[in-house]
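Please read through the structure below; I'll follow up with questions.
Read the figures in this text as sums done on the coordinates, not as results from a lab. Since the structure is predicted, the reported quantities are computational estimates derived from the model, not experimental observations. Here the Cβ positions follow ideal geometry from the backbone for every residue, glycine too, while neighbour counts run over all protein chains shown.
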Amino acid sequence: MKFTTLASIAFVVVLLSSTAPIKSEFQSLSTKPPCTTIDITECVPAIIFGAQLSPDCCQNLKVQQPCYCGFINNAGLRPYITSPQGHAALASCGIPFPVC
């Protein structure tokens, strides 16, 4: 009887410990930023209407610079990025227009 009780307790302990959440940290090996247009939404007035760019907008545009070819290949974003205002916004932040 004692062996059965001990085996049952051991089984429950093993079962519960195997389903316990495991803390793992995922570190991306890529240094490329995630390509998201959310980070540049505050730049929309400058890109569409030619308004003054804020320092935060320039910083976000610089962070998203590796993503510009993807933005240009997106049919919904292409007219904004390739517009004269889009060129001016990049130039005012010191960002060269991408060659894709």
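Count charges around Cys93 for me, please; just the other residues with Cβ under 15 Å from its Cβ, Lys/Arg as +1, Asp/Glu as -1.
For residues surrounding Cys93, the net value is -2.
Continuing with this model, one more query. Compute the signed sum of charges (Lys and Arg +1, Asp and Glu -1) over the other residues within less than 13 Å, Cβ to Cβ, of Gln59.
-2
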